[in-house]
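Below you'll find the structure, written out as structure tokens, and then a few comments.
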Amino acid sequence: MASDKKLIIANWKMNLDMHEASLYLHKLSKMVKVHRDIEVVLAPTSLTLQSLSLQVNLKQFKLAAQNFYWRDSGPYTGEISATQLRGIVQYALVGHSERRHVFNENDKDIRNKVAAAIRNNIRPILCVGETAWEHANNETRDVIHDQLAGGLANITSEELDKIVIAYEPVWAISAGQGSTPVNVLPDDVQMAFQAVRSQIKHLYGEKASDSIQVLYGGSVTGDSVADYLALPGVNGLLVGWASLNANTFNEILEIAHKSASAKKKD
Ligand code: PEP
């Protein structure tokens, strides 16, 4: 059964070297309190994962891989596998828009990665979302449906329980870099979440659609955290740029905790 905690994920992308990542974790772990209503996940570069796995307190933070190859081992120069990540990470991003659009990952790659993560006891965070062009042409719903059908092909209902979905409009990712962040309208987020849950319902039934964890990501800052988390059905956030500074990310976590506990009292 999927957890009802708010999941807050820091995607550091290709930033922070080994020394900076270790200092960040040291600083953040001194600031962050363990709250039962939120789960905090750090997604550093592959290079720093192993050393952070030795430093991290798993009660406080979990780790995620940003990427991996779907085969378990073999002649694939330059790649790392989910089998090699087993025991080091608890989560892995799959199908992030930068993988889809910069590195041309397709639905077949993505569905193989989802399956590889599950097979290796790692929870995949399957990212879906439309480009600016698709958004302008009212294709959001179709894109989400197609990406979910493609990424989840061959996944059973039992396996679905281990999967997290992240809706990230491509046009809002890394846009603004804090000074003028793109604020995706609540109606657009609601419509996209509805598209995610309706496709999950179509593929796996109503119970699965109600219980699957769905996150929002795209230019989230401390100013927008509470608004996004207040939307019905938003189970957490994927934060890129605003997670690169430990102080800023700690503020985001505090706001997330306050809104999670306020929602519980409603
Ligand atoms: C991301 O990388 O998933 C992301 C949401 O980035 P940003 O917050 O910088 O838009």
Is it the case that Val189 is open to solvent by 20 Å² or more (accessible area, probe 1.4 Å) and within 14 Å of the ligand (Cβ to nearest atom)? no
Do any residues in the stretch 176-189 that are at pLDDT 65 or above have Cβ atoms under 7 Å from those of residues that are open to solvent by less than 30 Å² (accessible area, probe 1.4 Å) and more than 12 Å from the ligand (Cβ to nearest atom), where the two are at least six apart or on different chains, and which pairs are they? Pro186/Leu231; Val189/Leu231
May I ask you to verify whether Val184 is closer than 25 Å to Met14 by Cα, assigned to a loop (DSSP other than H, G, I, E, B) and touching a strand residue (DSSP E or B) at 6+ places or on another chain (Cβ under 7 Å)? no
Tell me the residue from Leu42, Leu7, Leu54, Leu23 that is closer than 30 Å to Lys207 by Cβ and either at pLDDT 95 or above or in contact with a His (Cβ under 9 Å, 6 or more places away or on another chain) (or both), please. Leu7
Gly87: open to solvent by 60 Å² or more (accessible area, probe 1.4 Å) and over 18 Å from Val164 (Cα atoms), yes or no? yes
Please find, within the stretch 221-260, the residue that is modelled with the lowest pLDDT out of those that are of a type in the set (Val, Ile, Thr) and open to solvent by 10 Å² or more (accessible area, probe 1.4 Å). Thr221
Taking only the stretch 129-170 into account, find how many residues are in contact with a Gly (Cβ under 8 Å, 6 or more places away or on another chain), part of a helix (DSSP H, G or I) and hydrophobic (A, V, I, L, M, F, W, C). 3
Quick check: is even one residue across the stretch 197-211 open to solvent by less than 40 Å² (accessible area, probe 1.4 Å), more than 16 Å from the ligand (Cβ to nearest atom) and in contact with a Phe, Trp or Tyr (Cβ under 8 Å, 6 or more places away or on another chain)? no
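The values are calculated or read from the model by the stated rules, or taken from the named source; none is laboratory data. Everything numeric in this text was worked out from a predicted model, so none of it was measured. Every residue, glycine as well, gets a Cβ built from its backbone with ideal geometry; the counts of neighbours run over all protein chains shown. Please note that ligands, DNA and RNA were not included when accessible areas were found on the heavy atoms of the full protein model with its side chains. Shrake-Rupley method; radii C 1.70, N 1.55, O 1.52, S 1.80 Å.
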